[in-house]
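Written out below as structure tokens is the structure these notes cover.
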Amino acid sequence: MKNFNASVSRRSLLTSFAAGLGVVALGGLTACGGSSAPAGSATADSAVLTVAASPAPHAEILTDFAAPLLAKQGIKLKVKEYTDYIQPNKDTSAGSVDANYFQHITYLEDYNEKNGTDLVSAGLIHYEPFAVYAGASDDLDNISDGATVAIPNDPTNEGRALLLLQDLGLITLSDPENLESTPKDIKENPHNLKFQELEAAALPRALSSVDFAVINGNYAIEAGYHVADALAHESSDSLAVERYANIICVAKGQEDSKGIKALVKVLTSEDFKAYLAENYGEDVLPAF
């Protein structure tokens, strides 16, 4: 592993789910309902537990690992896949699903603030390290002046990407710990880097047209990219676990229900750690 400095390496860097994690912008959205499930909807204490999830790795984890274990407890896990990161929270608030698994806690806090909802975390499960991937260029040590870097454009993940670039010594932010920084908050940009702000899902497709891209873990996995192949990534002892751990999200009051507690228990077990290591390596790491 190549040293960046005494405390930061190219393959293990200090920063940071969101959702995974990759997410889309929240501007202009309104609340979709109260924080408790309406009468007649599925409840987390029912024999069927319905969880909204993004395809990879969340739905894969639920289907391959959690479902068989919950079945032994008499709980049928139904997984509903979503390709956007707005509707799962809407459906969780409305009670049409019992929980969701796609986002990190920072994204959830931002969503609640912007939409007047009161969704809560039932447990920290995993995190997906943000990483810098090579596009037209592959040398961060000798980065060209005016190089173009693609970053996610949503509030919680854009700041996370810039913090990673700051830890690499490529930029300096006005507030070096601001999780919501944007390119406007860059104080020093010695290489005159240009930033292409894109929806997180579009970042892998943009690699061929930019020099580098900072890609959310879940979208990198879906596109076939892996942390082991990245030029640089966040470290396991950074703020990633605390602020960007992916969570099981529920309506307030449901976090202690039988089904949810059972789900969180299997997803915070030693067996789950082994499952992640075997199936995802450095791409998906336990947050407990």
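Figure legend. Inter-residue proximity from the stretch 247-258: first residues assigned by the TED database to the domain that holds Asn100, second residues open to solvent by 60 Å² or more (accessible area, probe 1.4 Å), beta-carbon distance below 6 Å, spacing 6+ or different chains. Indicated pairs: Ile247/Leu124; Ala251/Ser36; Lys252/Asp118; Gly253/Ser36; Ser257/Asp45; Lys258/Asp45. Restricting attention to the stretch 164-201, the residues being small (Gly, Ala, Ser) and farther than 30 Å from Ser54 by Cα number 2. Under the condition of being over 21 Å from Asp118 (Cα atoms), open to solvent by less than 60 Å² (accessible area, probe 1.4 Å) and not in a loop (DSSP other than H, G, I, E, B), the residues counted in the stretch 246-273 number 3.
Selection of helices (runs of 4 or more DSSP H) fully inside the stretch 122-228 by the criterion of at least 2 residues being modelled with pLDDT under 95 and open to solvent by 10 Å² or more (accessible area, probe 1.4 Å) returns 155-167, 217-222. Taking the stretch 151-188, which residues are farther than 26 Å from Arg205 by Cβ and acidic (Asp, Glu)? Within the stretch 151-188, Asp175, Glu177, Asp185, Glu188 qualify. Pairs linking a residue in the stretch 65-84 that is in the same structural domain as Phe102 (by the TED database) to a residue that is assigned to a loop (DSSP other than H, G, I, E, B) and open to solvent by 60 Å² or more (accessible area, probe 1.4 Å), with Cβ atoms under 8 Å and 6 or more positions apart or on different chains, are Gly74/Ala47; Ile75/Ala47; Lys76/Ala47. Checking each residue in the stretch 275-288 for being open to solvent by 60 Å² or more (accessible area, probe 1.4 Å) and either under 21 Å from Tyr85 (Cα atoms) or not in a loop (DSSP other than H, G, I, E, B) (or both) picks out Ala277, Glu278, Asn279, Glu282.
Filtered by the rule that a residue be assigned to a helix (DSSP H, G or I) and aliphatic (A, V, I, L, M), the stretch 54-104 gives Ala56, Ala59, Ile61, Leu62, Ala66, Ala67, Leu69, Leu70, Ala71, Ala94.
The values are calculated or read from the model by the stated rules, or taken from the named source; none is laboratory data. All of these numbers come straight from a predicted model, not from anything done at the bench. All Cβ positions, glycine included, derive from the backbone under ideal geometry; neighbour counts span all protein chains shown. Just the protein is used for accessible areas: all its heavy atoms, side chains included, with ligands, DNA and RNA removed. Shrake-Rupley method; radii C 1.70, N 1.55, O 1.52, S 1.80 Å.
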